[in-house]
1. Go through the stretch 1-44 and give me each residue that's of a type outside the set (D, E), part of a helix (DSSP H, G or I) and within 15 Å of S94 (Cα to Cα).
2. Please tell me if Q37 is assigned by TED's automatic domain parsing to the domain that holds S123 and within 30 Å of F147 (Cβ to Cβ).
3. In the set R136, R130, which member is assigned to a strand (DSSP E or B), within 29 Å of K7 (Cβ to Cβ) and among the charged types (D, E, K, R)?
4. Among the residues of the stretch 21-51, write down those that are within 15 Å of S114 (Cβ to Cβ), out of contact with any helix residue (DSSP H, G or I) (no Cβ under 6 Å at 6 or more places or on another chain) and of a type in the set (A, V, I, L, M, F, W, C).
5. Across the stretch 52-75, what is the total count of residues that are touching a residue at least 40 places away in the same chain (Cβ under 8 Å) and not in a loop (DSSP other than H, G, I, E, B)?
6. Starting from residues that are exposed (fewer than 12 other Cβ atoms within 10 Å of the Cβ) and modelled with pLDDT of 80 or more, keep the ones in the stretch 137-151 and report whichever is nearest to P113 (Cα to Cα).
7. Yes or no: D211 modelled with pLDDT of 80 or more, surrounded by 10 or more Cβ atoms within 10 Å (Cβ to Cβ) and not assigned by TED's automatic domain parsing to the domain that holds S114?
8. Consider I97 carefully, then state whether it is aliphatic (A, V, I, L, M) and farther than 27 Å from A19 by Cβ.
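The values are calculated or read from the model by the stated rules, or taken from the named source; none is laboratory data. Keep in mind that this is a model prediction, so the values were computed, not measured. We place every Cβ from the backbone using ideal geometry, glycine too, and count neighbours over all the protein chains shown.
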Amino acid sequence: MPFNKRKKGLSPSTSSMLAAGEGDQVDFKKVPDGVGQEDLVAFANSDTGGQILVGVVEETVDGAQIGSVRGCDVSDGAILQITNKAVTCIPPVSIEITIENLGEKPILVISIPSSSTKPHCTSRGVYNRRDGSRNRPLHPSELLRIFLDTEARAFAERFEAAADRISNDLTTLEQSLDKSIKYMGDQLGWAESQMYDTESSLDEILRRSRDLEDATDNITERIRTLFRQDKRDDPIRNRELAKLANELVKAIDGHEEFLEKVKSGGELEVKKSADLSPELTEEDGAKALKMATDYIRRREEKKSYEVFCEAPKACEEAELEAFCAIVGEGGEVIDGLKDRAKEAKGVLSHEGVCESKERRGPDKLPVRTWLDLLTGKTPKKGADDEAH
């Protein structure tokens, strides 16, 4: 609240106010003590504001009320007293104090603008405003209108400030978006070119993969051909052949008609199959079928063998002689054979008939070896064993 303006004489506006007398915008006070908070808030709550001339009295000249300069205390203490009254209003009232007519009778000119933060009240809670040449209390409806106007004005100011900020933010955002879109366009162009390069690279990789696959197939086929030409054992082929034979055994066992045909000595045929392993040929398929049927026949043949045990003293002489005759037919030395046979625990038979040279045991062992097994002796390989 500045009050450092000083003038030697009276300003034109002050002279005009003196000549016009008190009114809506002018009030006269004889001494600084005469200026109260009610005077300050009255002008601050008005639509136009006003001035208080301190050191002036009202006189009647030719029937008109005018202001007459008498002078007053314009010291810093007097000015501070008025300023303290202004700042203790609620909310504080803004004022400007000027000292005029220093050459003769100095006066104080207090300017109070219409407040943007009205309504104001005194420290005792009194609301009033200027009405003509006097101050009057504010009516509740007037007070409400002032509140609403002030809040609306404050809201409008805040809204305008916010709108300005939003507008600035939108402008900044628009510029940022323009830059981002341009950057994305540049990046998309680069990415598109890279995509074409990548697509070409993928095509090249696929082409080379196909070439490699063809070359691998060729190498595999060549290796298989070499194995066949040299009649070498191909471990992969042997594994696949054994696997196929096992599958065929299971398939035949699961089909009663096929099983009976194999058991009776019949032959099965292999039809061309798309499921055949690439390691095997059609000939291998036929071979696997033969392996399967041979296995089934051997398995079924074993089921017809049996061993019957009898104590040596229970064997009749005719039985022992028959057994020795059969062994002799196999080329064995029969001297002392009867005595050794008496030590045997049993005799091997096939379908109720003692085995002869023409029908060997399930593991293709000669009769002599079976005799050793039955007596508990460990068989030794001989020339006859090696042949089988």
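1. Matches in the stretch 1-44: Q37, L40, V41, A42, F43, A44.
2. Here the answer is yes, as Q37 does meet what is asked.
3. None of the other options fit; the residue is R130.
4. V41, A42, F43, A44
5. The number of residues fulfilling the criteria is 10.
6. L148
7. No, not satisfied.
8. No, not satisfied.
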